[in-house]
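The values are calculated or read from the model by the stated rules, or taken from the named source; none is laboratory data. These figures come from a predicted structure and were not determined experimentally. No Cβ is skipped: glycine too gets one built from the backbone with ideal geometry, and neighbour counts run over all protein chains shown.
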Amino acid sequence: MYRDAKIIERLSEAQDGVFSNADLKSIIDFSNSASLYRRIKNLTDNNILRKFAAGFYVTEKFKPAVLSQRLCPRSYLSFGTVLAEELVISSIPAKRVWAVKIGPTREYTNQHFAVQQFGIQSKYFFGFTNLNGVNRATKEKAFIDTLYFYQSGVRFSFNIYSDINTDILDNELIYSYLIFYQNPKFISFVKGIIHGG
């Protein structure tokens, strides 16, 4: 177990604290599957790794953004996660990452953290960039995603009417994104929030 722990410690930074079963199988010399699960259990029993979701383990100092991306490669960070980083809202989501994905909504949780990925149609899967392997919405797309899901009944930890600083958003970019949305009611809703209505 000591040798396995040292390997995890040595590779943790490069892995951003996130390990899949496939990662562990390739970095630790497992002779068979029974050995694989026994040695992973030793690592979790000794708090070297914590199981997060099926097939994924994290260290104490894992990067939530990387975990979200690895749980679903066809996803991008959005909502309050991006809005807080960009200072569009002042409240920082505690122990939670919000993202958008293609397909059904999924939430992954353990006793320490949650990754919530809202499902969206592929035609709305745009408006993000990739930085160091993690897809991240522009603050304008995160704003639109928030209002889109709010209108569908999702409630967030911040007030969309009073907590969003729309002054630092690029309205031209928002309008260019709205071209892809066909619902006049939603477009009017977004414009109303932008202009304080």
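Determine, yes or no, whether P93 is assigned to a loop (DSSP other than H, G, I, E, B) and modelled with pLDDT of 90 or more.
Criteria not met by P93.
Determine, yes or no, whether E172 is over 21 Å from C72 (Cα atoms), outside any strand (DSSP E or B) and free of Cβ contacts under 8 Å to residues at least 12 places away in the same chain.
On the way: over 21 Å from C72 (Cα atoms): yes; outside any strand (DSSP E or B): yes; free of Cβ contacts under 8 Å to residues at least 12 places away in the same chain: yes.
Yes, satisfied.
Per-residue answers, yes or no, for (1) among the aliphatic types (A, V, I, L, M); (2) surrounded by 18 or more Cβ atoms within 10 Å (Cβ to Cβ); (3) within 21 Å of N130 (Cα to Cα); (4) not assigned by TED's automatic domain parsing to the domain that holds N135:
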{"position": "K6", "(1), (2), (3), (4)": "no, no, no, yes"}
{"position": "A14", "(1), (2), (3), (4)": "yes, no, yes, yes"}
{"position": "G17", "(1), (2), (3), (4)": "no, yes, yes, yes"}
{"position": "K41", "(1), (2), (3), (4)": "no, no, no, yes"}
{"position": "N46", "(1), (2), (3), (4)": "no, no, no, yes"}
{"position": "F52", "(1), (2), (3), (4)": "no, yes, no, yes"}
{"position": "R70", "(1), (2), (3), (4)": "no, yes, yes, no"}
{"position": "P73", "(1), (2), (3), (4)": "no, no, yes, no"}
{"position": "L87", "(1), (2), (3), (4)": "yes, no, yes, no"}
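The rows are residues; the columns are (1) touching an Asp or Glu at 6+ places or on another chain (Cβ under 7 Å); (2) more than 20 Å from D145 (Cα to Cα).
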{"position": "K51", "(1), (2)": "no, yes"}
{"position": "T59", "(1), (2)": "no, yes"}
{"position": "P64", "(1), (2)": "no, no"}
{"position": "L67", "(1), (2)": "no, yes"}
{"position": "R70", "(1), (2)": "no, yes"}
{"position": "Y76", "(1), (2)": "no, no"}
{"position": "G80", "(1), (2)": "no, no"}
{"position": "E85", "(1), (2)": "no, no"}
{"position": "I89", "(1), (2)": "yes, no"}
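Kindly provide the set of residues from the stretch 96-139 that are surrounded by 13 or more Cβ atoms within 10 Å (Cβ to Cβ), assigned to a strand (DSSP E or B) and among the charged types (D, E, K, R), ordered by number.
Those that are surrounded by 13 or more Cβ atoms within 10 Å (Cβ to Cβ), assigned to a strand (DSSP E or B) and among the charged types (D, E, K, R): R96, K101, R106, R136.
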